[in-house]
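Here is the structure we will look at, set down as C-alpha cells.
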Amino acid sequence: MRLATTLASVALSMTVACSALAQGYPNRPVRLIVPQAPGGGSDLVARAMGPEIERRLGQTLVIENKPGGNDSIGPDTVAKAAPDGYTIGVVSSSFSINQTSVGIKLPYDSQKDFVPIAPMVRIPMIVMVNTDLGVSDLKSMVALSKSRPGKLNYGSAGPTTFGGMATEWLIRTSGADFTGITYGGRGILQGLVAGDLQLVLGGLAAASPTLQTGKAKIIAVTSAQRMTKLPEIPTVAETYPGFEVVPFYGFVAPAGTPPEIVSKLNTAIGESIAAITPKLLDMGNEPLRMSPAEFRAFLDRDLATWNKIVEAVK
C-alpha cells in the first residue's frame, strides 16, 4: 500500500512539474537541429518558416545545421537532448529509410526515441537531366541509356538516401541503365551542370539555381499528380503507372517531451505553415498540417512505403 501511494505521489509530482514547465514555455531560445547543410532542402524550408515560428512562440529559433550520416547526426542530437521543448529537430524521409534494413547502425530508434510534433511539407522530386543528353522525356531518356550501357551516371548523396533510393527505384521501374555516383553536399547539382552526371532527382527549391544555368532540365516529377508549380511537367506515373515517391520534412522532439509543449509547438508550426503557404508552394513543396497523433500515423505510413522501396531495390 505504501509503495503504491509513493508511486502515485511521484507520478502526480511529475505531472505537476511537467504542467508548470509547459505553462512557462518557452522562456528562452529554442534550438532547431537541421540534418542538412545550409542550402539543403530541409534547411531552406526551416529557414523560410523560422521567422513565423519565432513570432508565434515569442522566442528566438536558433537553427543549427548538423549534416552527415545519411541525415542521422541531427536526429541523434535531438534524441540525446533534454525533453523540455528547447531542442527540437527537422527530419525527412531519411528518418524512415535509416530505420529500415539498409545496413545503417543507428544510435537511436526513430519510433521510440522521439515525439512527433508536426509535418512541414511533402517534397515532390523533380527528375533532372543534363541538357547535353538531348532528351525531352522519360521514354527517350531510358532508350538512350539502354543504347549506351554503363556510360551514363546518376548522382545522389548516397545509395541509402531518399534521393539515391528514389533514383534506383526509377531505374528498376523503367529499365534504364545508369551507374550511381555518390556526391557530398551540393556537389550533385554541380556534377549535373558539369556533365559528369546525366540524371539527378531532387527538390525544386534547392535545384532552382542549377536549372537557371540552362545546363539542366526537368523531364518529370515523382508525385502522383502534377505539381502546382510545374503543371506542364508530366509525372513519372504517366509513363510508368503506380510510380510515386514524395519525401517529407517534419519536426520531432525528444521522447518524454510534455504533451502540452508538443501541442504548443504544433499550433505554432501549423499557423506558420498557413501564413507562408504561397511561398512554400512557390518553392515546389506541398504544405502539410496535422495533429501530433496524425503525424505519428503519417510517419508509420512513410516507414512502410520506404520499406517497400528498399526491398524493391536490393
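The values are calculated or read from the model by the stated rules, or taken from the named source; none is laboratory data. What you see is a predicted model; the values in this text were computed from it and never measured. Methodologically, a virtual Cβ is constructed for each residue, glycine included, from the backbone with ideal geometry; neighbour enumeration extends over all protein chains shown. SASA here: full protein model, heavy atoms, side chains in, ligands and nucleic acids out. Shrake-Rupley method; radii C 1.70, N 1.55, O 1.52, S 1.80 Å.
Counting only protein heavy atoms and using a 1.4 Å probe, what share of the accessible area of region 161-314 belongs to carbon plus sulfur, as a whole percent?
53
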In degrees from 0 to 90, rounded to the nearest 10, what is the angle of the helix 41-57 Cα long axis to the longest principal axis of the chain?
-> 30
Enumerate the aspartates and glutamates that residue 112 could reach by cross-link, defined here as Cα to Cα under 20 Å, with residues fewer than 8 away along the same chain left out.
-> 71, 76, 84, 260, 294, 300, 302
Just the Kirkwood number for region 211-273, please: inverse of mean 1/r across all distinct Cα pairs, in Å, one decimal.
-> 15.2
May I ask for the Kirkwood hydrodynamic radius of region 166-314, worked out over all distinct Cα pairs and given in angstroms to one decimal?
-> 17.8
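Percent of accessible area on region 50-123 owned by carbon and sulfur, 1.4 Å probe?
Reported share for carbon and sulfur atoms: 48 percent.
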Could you tell me which of 184, 96, 248 has its Cα farthest along the dipole of the chain towards the positive end, charges placed at Cβ (Lys, Arg +1; Asp, Glu -1), taken about the Cα centre?
-> 184
Can you give the Rg to Rh ratio of region 115-194, both from alpha-carbon atoms, with Rh computed by the Kirkwood formula?
-> 1.02
Using alpha carbons only, how many degrees (0 to 90, rounded to 10) separate the axis of helix 162-174 from the longest principal axis of the chain?
-> 40
Per the 1/(1 + (r/R0)^6) rule, R0 = 25 Å and r from the Cβ atoms of residue 151 and residue 240, FRET efficiency to 0.05 is 0.65
Correct semi-axes for region 39-197, from √(5λ) of the alpha-carbon gyration tensor and rounded to whole Å with the largest first, are 35, 18, 13
One checks the Cα atoms of region 104-152 and finds Rg and Dmax, in Å, of 19.6, 49
Could you tell me how many degrees, from 0 to 90 and to the nearest 10, lie between the Cα long axis of helix 138-147 and the main elongation axis, the longest principal axis, of the Cα atoms of the chain?
-> 60
Once the piece of chain linking residue 172 and residue 267 is laid out straight, how much longer is it, given 0.36 nm per residue of separation minus the C-alpha distance between them?
-> 30.1 nm
Quote the FRET efficiency, to the nearest 0.05, computed for residue 136 versus residue 301 with a Förster distance R0 of 30 Å and r equal to the Cβ-Cβ distance.
-> 0.30
Per residue, what accessible area does the chain have, given a 1.4 Å probe and all protein chains present, in Å²?
-> 43
Calculated P(r) tail over 34 Å for the chain, as whole % of Cα pairs = 26
Which of 66/215; 139/308; 229/264 exceed 28 Å between C-alpha atoms? The answer is 66/215; 229/264
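Arranged from highest to lowest average of other beta-carbon atoms within 10 Å per residue, in what order do the peptides 149-160, 87-98 appear? Walk me through the numbers before you get to the answer.
Details: 149-160: 18.6, 87-98: 26.4.
The densest-packed peptide leads the list: 87-98, 149-160.
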